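*Asks:* Before anything else, here's the structure in question.
The values are calculated or read from the model by the stated rules, or taken from the named source; none is laboratory data. Small disclaimer: the values here were computed from a predicted structure and weren't measured. A quick note on method: Cβ atoms are made from the backbone with ideal geometry, for glycine too, and the neighbour counts reach across all protein chains shown. Calculation scope for accessible area: heavy atoms of the full protein, side chains included, ligands and nucleic acids excluded. Shrake-Rupley method; radii C 1.70, N 1.55, O 1.52, S 1.80 Å.
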Amino acid sequence: QVQLVESGGGLVQIGGSLRLSCTASGKIFKNQIMGWYRQAPGKQRELVALITPDGTTHDADAVKGRVTISTDDAKNTVYLQMNNLDSAATAVYYCPHQQLDGAYWGQGTQVTVSS
């Protein structure tokens with residue numbers, strides 16, 4: 001079983017920045033596409049950004065130009081730098097890790113953007 005520790009969330013004002021981290025330990029499968037997802041209150045979970053093993057990234061249209069996803073393979077950590085945050089960014093953020101029987105989702109980290 002993999003363990004995921006998602007951190008870096010918090011309360012930030014509109015226009016502020018946050019850097020989220022997600023560190024995996026335990027049963028880790030290397031060379032997989034890593035991503036950040038978010039779920040806002042009353043809404044479905046949605047993709048924020050993906051990064052492939054060769055470093056290719058894809059950002060969702062809603063956050064394009066305001067997020068940067070990156071990884072530190074030595075630390076089994078994926079990051080999400082978020083800038084110029086708006087109220088739509090208020091959500092719980094997750095970084096699932098693929099296992100043999102499907103994706104494992106951690107507890108997530110709460111991001112709250114206030115005016």
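*Asks:* With unit charges on the beta carbon (Lys/Arg positive, Asp/Glu negative), name the residue among 57, 39, 96 whose Cα is farthest towards the positive pole of the charge dipole of the stretch 2-115.
*Replies:* 39
*Asks:* Could you state the accessible area per residue of the chain in Å², with a 1.4 Å probe and every protein chain left in place? Mind showing how you got there, number by number?
*Replies:* Working: 6370 Å² over 115 residues.
Using a 1.4 Å probe on heavy atoms only, each residue of the chain averages 55 Å².
*Asks:* Another question, then. Say we join alpha carbon atoms closer than 10 Å with springs in a Gaussian network model of the chain; which of 16, 102, 65 then has the biggest fluctuation?
*Replies:* Looking only at 16, 102, 65, the largest GNM fluctuation is found for 102.
*Asks:* Any chance you could look up the accessible area of residue 66 with a 1.4 Å probe, heavy atoms only, rounded to 10 Å²?
*Replies:* Answer for residue 66: close to 60 Å² accessible.
*Asks:* Can you pull the percent of the chain's accessible area that's carbon plus sulfur, 1.4 Å probe, other chains left in place?
*Replies:* On the way: 3080 of 6370 Å².
Of all accessible area on the chain, carbon and sulfur atoms account for 48 percent.
*Asks:* Given charges of +1 on the Cβ of Lys and Arg and -1 on the Cβ of Asp and Glu, with all other atoms neutral, how large is the dipole of the chain about its Cα centre, in debye to the nearest 20? Each step should come with its number before you reach the end.
*Replies:* Details: 9 positive and 9 negative charges, 30 e Å.
That gives a dipole near 140 debye.
*Asks:* Sort 14, 28 from largest to smallest accessible area, using a 1.4 Å probe on the heavy atoms of the protein chains. The partial results should precede the final answer.
*Replies:* Values: 14 95, 28 50 Å².
Order by accessible area, largest first: 14, 28.
*Asks:* Related question: To check my understanding: the extent here is largest minus smallest coordinate of the Cα atoms along each principal axis. What are those three numbers for the stretch 21-66, in Å, largest first?
*Replies:* That gives 32, 23, 16 Å along the principal axes, largest extent first.
*Asks:* Is the stretch 38-115 rounded, prolate or oblate when judged by the Cα gyration tensor, a ≥ b ≥ c being the square roots of its eigenvalues, rounded requiring a/c under 1.5 and prolate requiring a/b larger than b/c? Please report the intermediate quantities before stating the final value.
*Replies:* Values: a/c = 1.88, a/b = 1.32, b/c = 1.43.
Verdict is oblate for the stretch 38-115.
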